[in-house]
Amino acid sequence: MTTQRRHTPLALLALLLCLGAGLGLGAPAVGAQDTPAPEAPEVAQATPDTVPDAPRTVVKTFKAAELKRHLNFLASKKLGGRASGTEGCDLAGAYIEKQIKAFGLEAAGENDGYRQELQVEFKRFPGQEELANFGESVTTFNVIGIVRGSDETLKDEYVVLSAHYDHLGRKNKKKIFLGADDNASGTSALLQVARAFAEKDAPQPRRSILFLFCTAEERGLLGSRYFVDHATVPVAQMIANLNIDMVGRNESRELHVYGNASSPDLDAAHQKAAALGKFTFLAKTGSIFLRSDQVNFYKRDIPCLFFTGGLHSDYHATTDAPKRIDTGKASRAALHAYLTAWELANRDERPRFTKMDEKASSGPLGAVLDVVPRESLPEHLKLKAGAGAALVRTIMDGSPAAEAKLKQGDFILQVGGQDLPEIDPIGAVEEALGRATEKVTLRIARGRKTIKISVKL
């Protein structure tokens with residue numbers, strides 16, 4: 001019988017206090033402005049007496065400079081925007097595979113390797129002129145690795161951490177959707193978490209930690225869906241999913257979190273980790289929850305949280321470049337994911353799953369909304385400077401959107417007579433509808449026509 005080494009809450013608190021300034025907590029906020037993010041300072045070096053029982057390797061892992069190195073490769077022009085099924089996306093996947101193999105993660109893909117292959121259809125995105133044959137089925141792959149738990153009873157249960165590494169590809173031969181925030185930032189953060197758990201001197205969690213680097217998220221969450229449908233570990237043994245998507249922009253000390261209502265126990269673990277750090281977490285509800293990989297775990301009754309910095313004017317635009325990423329913020333997001341996963345992995349009981357109400361998962365409209373950057377909007381859709389539009393992607397049966405006869409492909413331009421902002425028009429729609437009591441009027445662009453629709457809430 002071996003003695004297991006575990007962090008105590010006090011040790012973690014001391015660790016976070018030492019990490020405070022070093023991860024760039026005082027860095028200026030990076031929002032949707034066209035200015036480069038400031039250079040983030042390195043993590044201050046801790047000593048064993050200043051961080052009781054905390055291994056130096058964990059502290060050293062969470063450096064903004066290391067995250068920046070990952071991000072600069074993943075969002076480089078060389079990778080051509082990482083559209084799933086292209087050479088650039090394959091290069092990104094191979095880079096991730098090489099990193100986690102070097103960290104020492106156990107292979108958890110197919111055929112005793114790190115990869116899990118799948119076929120996806122190559123579809124065109126708005127404003128995209130990807131150099132490929134649209135409509136063809138292409139091969140792409142998830143990358144999966146495990147840090148094995150130490151507890152003989154609990155090591156066959158898994159905390160799943162995920163991030164998608166694909167993006168949109170090219171707009172034309174010269175313009176590339178680099179996808180620095182979406183989602184080179186989250187992928188780089190997850191690489192930091194993987195290294196932290198796998199360090200030789202790092203404390204070993206009781207449960208196992210599974211790292212899932214998803215492909216084909218931009219094609220419709222296909223990589224994560226394939227994983228849960230063809231899981232390489234039992235789905236019933238997955239106790240929670242923490243998904244990281246776009247964590248390098250907007251307010252430097254602020255993150256959005258979705259899915260709190262999927263489990264009071266998971267939320268408690270997140271809140272405990274948050275109390276040790278310097279982030280302000282804004283608990284969110286709405287259709288953005290349905291637009292990243294955690295939703296495929298939620299559909300399998302697995303508690304999940306989605307960490308994101310929120311939308312900005314470079315979302316799904318060719319201007320989403322590495323120079324605009326706050327790498328200090330992204331590295332702090334990685335640290336928070338590590339602490340939350342550590343808490344979950346070492347609790348005696350697995351978190352309970354609870355079904356969220358429809359508004360929490362899809363928003364008051366009962367529709368999945370999307371953002372199309374101004375440069376990719378239809379030419380006939382004329383918007384004022386600073387105004388935006390929310391595209392209706394999917395409508396839930398029996399929802400207010402369905403009753404009001406909204407259609408897939410409609411653009412919402414106004415709510416209650418107010419234009420939507422260019423930055424986060426989805427949030428503006430859902431906040432306005434959330435404040436309304438009975439009904440609200442939407443101004444809709446449907447094809448080349450503009451109409452008004454009354455939505456009963």
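Annotation: peptides 442-450, 425-433, 336-344, ranked by per-residue average of other Cβ atoms within 10 Å with the highest first, follow the order 336-344, 425-433, 442-450.
For region 209-333, the direction-averaged projected area of the alpha-carbon convex hull comes to 8.0 nm². Charge tally around residue 228: other residues with Cβ under 12 Å, Lys/Arg +1 each, Asp/Glu -1 each, net 0. For the peptides 153-159, 398-404, the ranking by mean Cβ contacts within 10 Å, running from highest to lowest, is 153-159, 398-404.
In the neighborhood of residue 280, defined by Cβ-to-Cβ distances under 13 Å, what is the net charge if each Lys or Arg adds +1 and each Asp or Glu adds -1?
Numbers: positive: 253, 278, 284, 329, 332; negative: 251, 254.
Net local charge, residue 280 excluded: +3.
Our Cα-only numbers for region 363-456 put the radius of gyration and Dmax at 12.0, 35 Å. Region 385-457 and region 294-360 have their alpha-carbon centroids 26 Å apart. The residues 58, 147, when put in order of fewest to most other Cβ atoms within 10 Å, stand as 58, 147. Summing Lys and Arg as +1 and Asp and Glu as -1 over all other residues whose Cβ lies under 15 Å from the Cβ of residue 381 gives a net charge of +1. Here residue 323 is the anchor, and the lysines within straight C-alpha reach of less than 21 Å, apart from those fewer than 8 places off in the same chain, are 63, 68, 77, 78, 171, 174, 175.
Mind putting a number on the dipole of region 253-370 about its Cα centre? Charges go on the C-beta only, +1 for Lys and Arg and -1 for Asp and Glu, and I need it in Debye to the nearest 20.
Working: 16 positive and 14 negative charges, 42 e Å.
It comes to approximately 200 debye.
Of the residues 216, 205, 189, the one whose Cα sits farthest toward the positive end of the charge dipole of region 169-229, with +1 on the Cβ of Lys and Arg and -1 on the Cβ of Asp and Glu, is 216.
The numbers here are math on the coordinates, done by the rules we state, and not lab data. These numbers come from a predicted model, not from an experiment. Glycine also receives a Cβ, built like all others from the backbone with ideal geometry; neighbour counts cover every protein chain displayed.
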